[in-house]
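Undergrad: Questions regarding the structure given below will be posed in turn.
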């Protein structure tokens, strides 16, 4: 170790902070313990409390309205599906009738010849 | 040095935290003091470090882990504080009041001059010097603490000594 390094060791020796350092740290720890967490401050701050209540109400009402709208759309879809099925069944019956008629006519003309 | 201190995780709710502060306050405070060269700011920073320690005690596994954690957090905070001061300069080093700390070495003026020279080194190099000469750490331990390679630490120590010698010879010429 050269002289400069020895001098550095000597100059940079540990020093004690002021006498009440520990007490001040502990006071700040106590202060911090008493301080409520950010979420409890959020719910207890007067202005924010009302804003939070309004936001929650809007969310709940919005959720209910959304659910009802979804149910209404599902019911409408079901009715439309049933109408399409009925229309298909009617159309199928009509086609069958037309086919029978054509068949009968063709049978009759064959017999006549 | 740390063997009498109980497991940090057990200290969270007890007054033994005070013993932990007393045990390590000179290390944390001196790192900050020699880095910032300002007693009031060093006390403030050291208090913040211990407050942060209190919040993280549950995560620290052993007394050795506490020492490592304290050195690492103090080093990072000192560097951040120094950068913050550079962005918003307060009192230039030359105009800053002399440290009120008692100096016990044979030549108090030389010691103070050396501390001021160290305080004027670039941040990372300054912290490497403090960990080496105040805390007596090996380059390997310093490298781990500051997330650097061992070679970088060794070269920064060499650079620091060259810079300090140059500054010292400049001062000699001025006198």
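Undergrad: Could you tell me which of the residues A:59, A:12 is at pLDDT 90 or above and within 30 Å of residue B:37 (Cβ to Cβ)? I'd like the intermediate steps shown before the answer.
TA: Details: A:59 fails: within 30 Å of residue B:37 (Cβ to Cβ).
Every option except A:12 fails the conditions.
Undergrad: Just one of (1) surrounded by 14 or more Cβ atoms within 10 Å (Cβ to Cβ); (2) at pLDDT below 95; (3) within 11 Å of chain A (Cβ to nearest Cβ) trips up residue B:96, so point out which.
TA: (3)
To keep it simple, each residue is scored yes or no on (1) closer than 30 Å to residue B:43 by Cα; (2) more than 40 Å from the chain's Cα centre (by Cα); (3) in contact (Cβ under 8 Å) with a residue 24 or more places away in the chain.
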site	(1), (2), (3)
A:30	yes, no, no
A:45	no, no, no
A:51	no, no, no
A:57	no, no, no
A:70	no, no, no
A:73	no, no, no
A:81	no, no, no
A:89	no, yes, no
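Undergrad: So how many residues does region B:62-80 have that are out of contact with any helix residue (DSSP H, G or I) (no Cβ under 6 Å at 6 or more places or on another chain) and either over 20 Å from residue B:137 (Cβ atoms) or part of a helix (DSSP H, G or I) (or both)? Before the answer, list the steps.
TA: The initial filter retains those residues of region B:62-80 that are out of contact with any helix residue (DSSP H, G or I) (no Cβ under 6 Å at 6 or more places or on another chain), namely B:62-65, B:67-69, B:76, B:80.
After this cut, where a residue has to be either over 20 Å from residue B:137 (Cβ atoms) or part of a helix (DSSP H, G or I) (or both) as well, the list is B:63-65, B:67-69, B:76, B:80.
Total meeting the criteria: 8.
Every residue, every condition in (1) closer than 15 Å to residue A:13 by Cβ; (2) modelled with pLDDT of 90 or more; (3) within 11 Å of chain A (Cβ to nearest Cβ), yes or no:
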| site | (1), (2), (3) |
| --- | --- |
| B:108 | yes, no, yes |
| B:116 | no, yes, yes |
| B:142 | no, yes, no |
| B:148 | no, yes, no |
| B:165 | no, yes, yes |
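Undergrad: Now a separate question. Kindly provide the set of residues from region B:34-45 that are assigned to a helix (DSSP H, G or I) and over 18 Å from residue B:137 (Cα atoms), ordered by number. First the steps, then the outcome.
TA: Let us first name the residues in region B:34-45 that are assigned to a helix (DSSP H, G or I), namely B:34-36, B:39-45.
Selection gives B:36, B:39, B:40, B:41, B:42, B:43, B:44, B:45.
Undergrad: Select from region B:35-77 the residues that are within 13 Å of the chain's Cα centre (by Cα) and facing chain A (nearest Cβ under 9 Å) and write down the one among them that is surrounded by the fewest Cβ atoms within 10 Å (Cβ to Cβ).
TA: Of everything passing the filter in region B:35-77, B:39 is surrounded by the fewest Cβ atoms within 10 Å (Cβ to Cβ).
The values are calculated or read from the model by the stated rules, or taken from the named source; none is laboratory data. Just so we're clear, the structure is a prediction, and the values are computed from it rather than from any experiment. Cβ sites come from the backbone with ideal geometry, for glycine too, and all protein chains shown count toward neighbours.
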